[in-house]
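Q: Attaching a single structure in structure tokens format; questions to follow.
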Amino acid sequence: MIRPFLSQFKQPLTVVAVLGAVGVTATACASNGSSGRNASPTNARPSATRTDSGPDGQSGTPGSSGSSGTSGTAGTSTGTGPDTGTGTGTSTSPGSSTTSSTAPSTAPNPGTTTPGYRPPPTPRTNADVDCSVAKCIALTFDDGPGPDTGRLLDLLKAQNVPATFFVLGEQAVKYPSVVNREYAEGNEVGNHTWDHKDLSKLPAAAVQDEINRAADAIAATGIPRPTLVRPPYGAVNDTVRSVGGFPFIMWRVDPEDWKYPDPARVADQIVGHAKPGRIVLSHDTHKTTVDAMPAVVERLKQQGYTFVTVSTLLKGVPLQNGTSYFNRPVPAESTR
């Protein structure tokens, strides 16, 4: 895309849910095919255009460099304002979609997923960090696993860096041991639906099926069922918010790694738009993205960042089903 611990906060939080129409252009997971293999600008998935409250709670577009709410060096983001972190509103989907309309015959049977966020039953790496005080950032990876995910996991383990993987159900069927390893090594695993369909184009029953089938496939790898969802393209509407059953985890930094397969550019975009409390979007299905991660980790560590999972980043924030979260909300004092 908390998941109540409010007593941990030393200052009140400003959480803005804007119901107005503030334009946001989402480019999440705009990779070629549901597994996201090395897409280029000519074969990339179309991006979704959402009318949603901006990531800053002000006018803003995640855009190409993104989701920063500040003027980006290579992106289209021109919004300003504090990181208030949440959003609701309406959503329109991409003009077309290249995802398959039918699931593979190897798909697990849909199961029953209990709605609502629950923290990971086993603490994740750096779970004791208080991100209301520490300089935290959350790396997230979509569309996998893929052929290069194992190499990424090697790096994360060596550097003691946890990440959050938003896994496609069909990919969990292809790479069950990798999904199991993601969780076993202290990372968090979230739900990115079964096969990357645009949920805002589907009827309610199909939305639930996409989420539940993915949860079944992820749980079948031997790890807990995920209770965080990242909607493909960041595309949601009233139906998705009503029946999705979980908080939606969006992003504030988007290097457009699916569009520009350049490790140096990916690293520069992530580091250049990093701020405490932000969620970074990337794709572990792209070799060039994995190639960029050593520099990303090194440079952000040099700037004093602590890497955490999404659940740790948002610890103490009362996550609500159907609400979109772009970052950890800033304390009210910081917005004045």
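The values are calculated or read from the model by the stated rules, or taken from the named source; none is laboratory data. Everything quoted here is computed from the prediction, not taken from an experiment. For neighbour counting, all protein chains shown are included, and Cβ atoms are generated from backbone atoms with ideal geometry for every residue, glycine included. We work out accessible area using only protein heavy atoms, side chains counted, and drop any ligands, DNA or RNA first. Shrake-Rupley method; radii C 1.70, N 1.55, O 1.52, S 1.80 Å.
Each row is one residue, and each column tells you yes or no for (1) among the aliphatic types (A, V, I, L, M); (2) surrounded by fewer than 20 Cβ atoms within 10 Å (Cβ to Cβ).
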position: N237; (1), (2): no, no
position: R252; (1), (2): no, no
position: P255; (1), (2): no, no
position: A264; (1), (2): yes, yes
position: R278; (1), (2): no, no
position: L281; (1), (2): yes, no
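Q: A follow-up question, please. May I ask you to list the residues in segment 297-330 that are open to solvent by less than 10 Å² (accessible area, probe 1.4 Å) and in a loop (DSSP other than H, G, I, E, B)?
A: Listed by number, the residues that qualify are V308, T309, L314, G316, V317, G322, F326, P329.
Q: Now, a different point. Is there a residue in segment 241-256 that is more than 14 Å from the chain's Cα centre (by Cα) and under 19 Å from P162 (Cβ atoms)?
A: no
Q: Pairs only if they're at least six apart or on different chains, beta carbon under 9 angstrom, first in segment 128-150 and over 23 Å from P231 (Cβ atoms), second among the acidic types (D, E); list them, first residue then second.
A: Once the first residue is over 23 Å from P231 (Cβ atoms) and sits in segment 128-150, its partners that are among the acidic types (D, E) give C136/D130; D148/D284; D148/D291.
Q: Something else about it: So, L281, is that one in contact with a Phe, Trp or Tyr (Cβ under 7 Å, 6 or more places away or on another chain), among the hydrophobic types (A, V, I, L, M, F, W, C) and closer than 26 Å to P232 by Cβ or not?
A: yes
Q: Looking for whichever is open to solvent by less than 10 Å² (accessible area, probe 1.4 Å) and at pLDDT 95 or above here; the options are I218, I223. Which one fits?
A: Residue meeting the stated conditions: I218.
Q: Go through (1) open to solvent by 30 Å² or more (accessible area, probe 1.4 Å); (2) under 17 Å from P123 (Cα atoms); (3) touching a helix residue (DSSP H, G or I) at 6+ places or on another chain (Cβ under 6 Å); (4) of a type in the set (S, T, N, Q) one by one and return the number of the condition Q208 breaks.
A: (2)
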